[in-house]
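Engineer: The structure follows.
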Ligand SMILES: [Zn+2]
């Protein structure tokens, strides 16, 4: 029988006591590290911890360095000048370049979203594959053992890369088109100079979705109810004049038919109810709508400010290439070829660096699609 319980130290006392030994030090350090003859149990624990640590914190592998070196930079990653020369290698084996204009040295990762000394690109692989396959930020973060704020931060980096992704997509041939609506949380931006912007509903936002059997565009009309004006502004650059439009005969769609000289086939919403999936000409777009809803249900609440970013991501997922590894490869190449550094502090305060020069991700994507 214990006559007196040992005194339990306070948490603060424990923190002070173990300050230099355990608290805040690397998990890699174990008490028996310096021992020459470790017990089998100690050996096993050391081995397991080492393996875990190395898997999470390993340095760049040769394949990753080859990938980085396989890409020829288009411009100086600092000033955008095309005048630069190969300038040896870093000790990691990564090619170094020197700009003749600003004299600075850079490599393919400089100023890109991967410009971090701590995280190898391969850490991104799992995250991106999960993201491209419906997972929520929360579950991606859990799977990757990252804090969920890291997941969110990485998502914002992904958004930056896909910012102009849909800019150059022009649909042609037979195009199916319809709007869908999302409920959004009201953002601070609906207030300008202290006044609420008129014409924007509190909770609904209209998204135009069009598909030509090959490519899909998903664009926010930034209104709660589509009008001729919002429809034309959103879609006029994305539909080739003379194409055929399949739609539900909403009044606001007529402007496209007229302005872009389109032929049309329509099927009113009230009539669609009586048609089977096979009979309904709007089935392809309905399927995209339901995919979008499902995708967004899997993610956290989103604000009006982010909606187009989410739509760019969904568009990137739906569009070619279909194979997830090809998609991953395409994304990585787009990201590496788009020097733009996104800092944690800046994205959280929505002050993302402007690009030092313009590199159009769509042109890069088209180039790489041909060369994959
Ligand atoms: Zn330069």
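Every read-out reported here was derived from the displayed coordinates using simple, explicitly stated rules and does not represent laboratory data. Note that the structure is predicted; figures quoted are calculated from it, not measured. Reconstructed Cβ throughout: ideal geometry from the backbone, glycine too, with neighbour counts over all protein chains shown.
Engineer: By per-residue mean of other Cβ atoms within 10 Å, what is the highest-first order of 88-95, 205-212?
Structural biologist: Working: 88-95: 12.4, 205-212: 22.4.
Result, highest mean Cβ count within 10 Å first: 205-212, 88-95.
Engineer: Additional query: Give the percent of DSSP beta bridges with both residues in region 174-318 that are antiparallel, rounded to the nearest 5. Display every interim value, and only then the final one.
Structural biologist: On the way: 15 of 23 bridges.
Within region 174-318, antiparallel bridges account for around 65 percent of the total.
Engineer: Something else now. Which length gain, in nm to one decimal place, applies between residue 299 and residue 283 when the Cα-Cα distance is subtracted from 0.36 nm times their residue separation? Intermediate results must be reported in sequence, preceding the final value.
Structural biologist: Details: separation 16, 0.36 × 16 = 5.76 nm, distance 2.49 nm.
Using 0.36 nm per residue and subtracting the Cα-Cα distance, I get 3.3 nm.
Engineer: Mind listing P(r) for region 174-318? All alpha-carbon pairs, 10 Å bins, whole percents.
Structural biologist: Taking all Cα pairs of region 174-318, the binned fractions are 11, 40, 35, 13, 2, 0 percent.
Engineer: Another question, then. Sketch the reach of a paramagnetic label on residue 236 as a point 7 Å from Cα along Cα-to-Cβ, and name the residues of region 261-275 whose backbone nitrogen lies under 16 Å away.
Structural biologist: Within reach of a label on residue 236, which here means backbone N under 16 Å from a point 7 Å along Cα→Cβ, region 261-275 contributes 261-262.
Engineer: Pairs of alpha-carbon atoms within less than 8 angstrom and 6+ residues apart define the contacts here; what relative contact order does region 174-318 have, in percent?
Structural biologist: Values: 226 pairs, mean separation 38.6, N = 145.
Relative contact order for region 174-318 comes out at 27 percent.
Engineer: How would you order 324-330, 227-233, 306-312 from highest to lowest mean count of nearby Cβ atoms within 10 Å? Numbers along the way, then the final one.
Structural biologist: Numbers: 324-330: 15.3, 227-233: 17.0, 306-312: 20.4.
Ranked from most to least packed, the peptides come out as 306-312, 227-233, 324-330.
Engineer: Would you please put 241-248, 264-271, 159-166, 292-299 in order of how densely packed they are, using the mean number of other Cβ atoms within 10 angstrom per residue and starting with the highest?
Structural biologist: 159-166, 241-248, 292-299, 264-271
Engineer: How high is the FRET efficiency from residue 268 to residue 71, r the C-beta distance, R0 30 Å, rounded to 0.05?
Structural biologist: E(calc), rounded to 0.05, equals 0.05.
Engineer: Another question about this same structure. Any chance you could run the full-extension gain for residue 51 through residue 102? It's 0.36 nm times the residue separation minus the Cα-Cα distance, nm to one decimal.
Structural biologist: 14.1 nm
Engineer: Once the Cβ-Cβ distance between residue 275 and residue 224 is put in as r, and R0 is 35 Å, what FRET efficiency do you end up with, to the nearest 0.05?
Structural biologist: About 0.80, to the nearest 0.05.
Engineer: Each label point is 7 Å from the Cα along the Cα-to-Cβ direction; what then is the distance between the points at residue 37 and residue 83, in nm?
Structural biologist: Computed distance between label sites residue 37 and residue 83 equals 7.0 nm.
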